[in-house]
Amino acid sequence: MLRSVEGSDVQVQGTNDDAQVSKLSCSRMGYFRDEFIQYFVRRASRRSPLINRGYYSRYAALRQLLEQFITAARAAGKQPQVLVLGAGFDTTWFQMARDGGGVAPYRCLEVDFKEVTQRKAAIIAKEPALHGLLQQVAVAVAEAGAGGAADGSSSNGTGAVHIDAAAGSVHSPCYSLAPVDLRDLGALEAAAAAAGFDTQAPTYVLSECVLVYMDPGQSSPVVGWAGRTFPNALMAIYEQIRPDDAFGRQMVSNLAERGCPLKGLPATPTLEAHCARLAAGGWGAADARSMDTLYKSFLPPEERQRAERLEIFDELEEWHMIQEHYCIALGRNDRDGVLPPASVGFDAPPPAQRLSLPALPPQMGPGAGGAGAGGAGLSLGLGMLGLGQGRGAGAGTGAGLGMGLLRPPGAGGGGRGLPNAD
């Protein structure tokens, strides 16, 4: 019987709150729109331009992949579904449902530690904006009849919304939250079935800084389960890479000292290793690129330029160094020809009609103003770029404090938080 919390899992879970503060900062500065993250933040604080841009780059790349996926699935008349491993307090489904006028963007299942999902379920139950949106979508599904919601997805067997904070679960026609330990694949499979997932439908599996905190013997089966279970699917994995240079060695060391060792990094230190893991897991094709590359070549230039005008930014050397140590690996199964590389992937253009509304103008209220350049509340100020709030909310695994020394010890300079490793 697997325990819900083991060793470093406790430290990993503790980074979640700090991650939400940084995401709220990024949203309020106008990098992207997220009207729901505020409900998961107790005390707002403005982050440094480096952190804000880092979160933006990660958000923009993953959101573009998600929108490509949804657009391709809908174009084929299929039902898109998304499985988020270690979801933490992610609000993507809620924001996209709001952006879509109260229509479910896809069927969603989020899984994480029970301790995390209990808190999330309680907040959803408490906040009218959250549970009200679930109810709105449920009504739309019911009115659409047995045929399904406006996006083409059928209900999971009930039009009602059930929130059980004690159990850490939410069940509704198109959004589910479940406590799952990724080391228990039986529990993961059962949660997908309870959420109404169709193994033949186009499926997007997302893992952000989750698998890297697991032993390879525990993470590889997760990749393999997804590869075998969904013949029409994408798996996007956002993780650290390059542990063997100076920056990487310090990153690994400092994370280990904080109780969040990168257990999986020795097995996937390079882009090639990430592709090899996906191939070994049964994925038909694999690609992996650094965040530095994706920021320059994947994101639309006009959107990138808009974001770069939001704040004064003079940390280009640090920025490129950090971005070179993170990547997105993409596995693809396309049995039915629904998810071709020309439509979904790093070389595909963004959808002609974006599914997410533009960012709101910068807000100078709480959390947006002030001079705070701190990272995630964990910056040590020891002449390093600092401990960023690592999150990725491992479902039975963990996310992580992301940080690394950008200056040698003793080189001076205040600690600032690392942007990407949540």
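Go through Leu206, Leu255, Leu262, Leu234 for me and flag whichever is in a loop (DSSP other than H, G, I, E, B) and aliphatic (A, V, I, L, M).
Values: Leu206 fails: in a loop (DSSP other than H, G, I, E, B); Leu255 fails: in a loop (DSSP other than H, G, I, E, B); Leu234 fails: in a loop (DSSP other than H, G, I, E, B).
Every option except Leu262 fails the conditions.
State the number of residues belonging to the stretch 210-247 that are farther than 22 Å from Ala286 by Cβ and of a type in the set (Gly, Ala, Ser).
Number satisfying all stated conditions: 1.
For residues in the stretch 98-117 being more than 18 Å from Ala165 (Cα to Cα) and part of a helix (DSSP H, G or I), which is least open to solvent (accessible area, probe 1.4 Å)?
Among those that are more than 18 Å from Ala165 (Cα to Cα) and part of a helix (DSSP H, G or I), it is Asp99.
Just give me the residues in the stretch 77-97 being in contact with a Lys or Arg (Cβ under 9 Å, 6 or more places away or on another chain) and either of a type in the set (S, T, N, Q) or in a strand (DSSP E or B) (or both), in sequence order.
Matches in the stretch 77-97: Gln79, Gln81, Val82, Thr91, Thr92, Gln95.
Would you confirm, using the coordinates I've provided, whether Glu257 is without any contact (Cβ under 8 Å) to a residue 12 or more places away in the chain and either in contact with a Cys (Cβ under 6 Å, 6 or more places away or on another chain) or more than 26 Å from Pro179 (Cα to Cα) (or both)? Spell out the reasoning first.
Numbers: without any contact (Cβ under 8 Å) to a residue 12 or more places away in the chain: yes; either in contact with a Cys (Cβ under 6 Å, 6 or more places away or on another chain) or more than 26 Å from Pro179 (Cα to Cα) (or both): yes.
Yes: the conditions hold for Glu257.
I need a count of the residues in the stretch 192-203 that are part of a helix (DSSP H, G or I) and within 20 Å of the chain's Cα centre (by Cα). Outline the logic, then answer.
Here is the first cut: in the stretch 192-203, the ones part of a helix (DSSP H, G or I) are 192-194.
Of the ones still in play, those that are also within 20 Å of the chain's Cα centre (by Cα) are 192.
Final tally of qualifying residues: 1.
Being in contact with a Ser or Thr (Cβ under 8 Å, 6 or more places away or on another chain) and either crowded, with 18+ Cβ neighbours inside 10 Å or farther than 20 Å from Val205 by Cα (or both): is that true of Cys275 here? Give the steps one after another, and end with the answer.
On the way: in contact with a Ser or Thr (Cβ under 8 Å, 6 or more places away or on another chain): no; either crowded, with 18+ Cβ neighbours inside 10 Å or farther than 20 Å from Val205 by Cα (or both): yes.
No.
Listed here are the residues, each with its yes/no results for (1) under 22 Å from Phe197 (Cα atoms); (2) assigned to a helix (DSSP H, G or I); (3) modelled with pLDDT of 95 or more.
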{"position": "Asp17", "(1), (2), (3)": "no, yes, no"}
{"position": "Lys23", "(1), (2), (3)": "no, yes, no"}
{"position": "Gln38", "(1), (2), (3)": "no, yes, yes"}
{"position": "Gly54", "(1), (2), (3)": "no, yes, no"}
{"position": "Ala61", "(1), (2), (3)": "no, yes, yes"}
{"position": "Leu65", "(1), (2), (3)": "yes, yes, yes"}
{"position": "Phe69", "(1), (2), (3)": "yes, yes, yes"}
{"position": "Ala73", "(1), (2), (3)": "yes, yes, yes"}
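Step by step: first the residues of the stretch 298-338, then only those that are of a type in the set (Val, Ile, Thr) and either open to solvent by 50 Å² or more (accessible area, probe 1.4 Å) or not in a strand (DSSP E or B) (or both), then the one that is nearest to Thr71 (Cα to Cα). Which residue is that? Quick ask: steps written out before the conclusion?
Within the stretch 298-338, the subset of a type in the set (Val, Ile, Thr) is 312, 322, 328, 338.
In the following step, the residues that additionally are either open to solvent by 50 Å² or more (accessible area, probe 1.4 Å) or not in a strand (DSSP E or B) (or both) were identified as 312, 322, 338.
On the way: Ile312: 35, Ile322: 31, Val338: 10 Å.
Across the stretch 298-338, the extreme among qualifying residues is Val338.
Pick out the one residue from Pro341, Pro349, Pro366, Pro362 that is out of contact with any helix residue (DSSP H, G or I) (no Cβ under 6 Å at 6 or more places or on another chain), modelled with pLDDT of 95 or more, farther than 18 Å from Ile237 by Cβ and part of a loop (DSSP other than H, G, I, E, B). Spell out how you get there, then give the answer.
Details: Pro341 fails: farther than 18 Å from Ile237 by Cβ; Pro366 fails: modelled with pLDDT of 95 or more; Pro362 fails: modelled with pLDDT of 95 or more.
Exactly one of Pro341, Pro349, Pro366, Pro362 is out of contact with any helix residue (DSSP H, G or I) (no Cβ under 6 Å at 6 or more places or on another chain), modelled with pLDDT of 95 or more, farther than 18 Å from Ile237 by Cβ and part of a loop (DSSP other than H, G, I, E, B), namely Pro349.
Which one of the conditions (1) touching a residue at least 40 places away in the same chain (Cβ under 8 Å); (2) open to solvent by less than 50 Å² (accessible area, probe 1.4 Å) does Arg242 fail to meet, given that it meets all the rest?
Answer for Arg242: the failing condition is (2).
Taking interchain pairs and intrachain pairs at least six residues apart, which have beta carbon atoms under 9 angstrom, with the first residue in the stretch 340-365 and under 12 Å from Gly30 (Cα atoms) and free of Cβ contacts under 8 Å to residues at least 60 places away in the same chain and the second open to solvent by 30 Å² or more (accessible area, probe 1.4 Å) and not in a loop (DSSP other than H, G, I, E, B)?
If the second residue must be open to solvent by 30 Å² or more (accessible area, probe 1.4 Å) and not in a loop (DSSP other than H, G, I, E, B), the pairs left are Met364/Arg28.
Identify all residues within the stretch 181-234 that are closer than 25 Å to Thr268 by Cα, among the polar types (S, T, N, Q) and open to solvent by 10 Å² or more (accessible area, probe 1.4 Å); write none if there are none.
Gln218, Ser220, Thr229
The values are calculated or read from the model by the stated rules, or taken from the named source; none is laboratory data. Note that this is a predicted model, so its numbers are computed, not measured. Cβ sites come from the backbone with ideal geometry, for glycine too, and all protein chains shown count toward neighbours. Areas reflect the complete protein model, heavy atoms only, side chains present, ligands, DNA and RNA absent. Shrake-Rupley method; radii C 1.70, N 1.55, O 1.52, S 1.80 Å.
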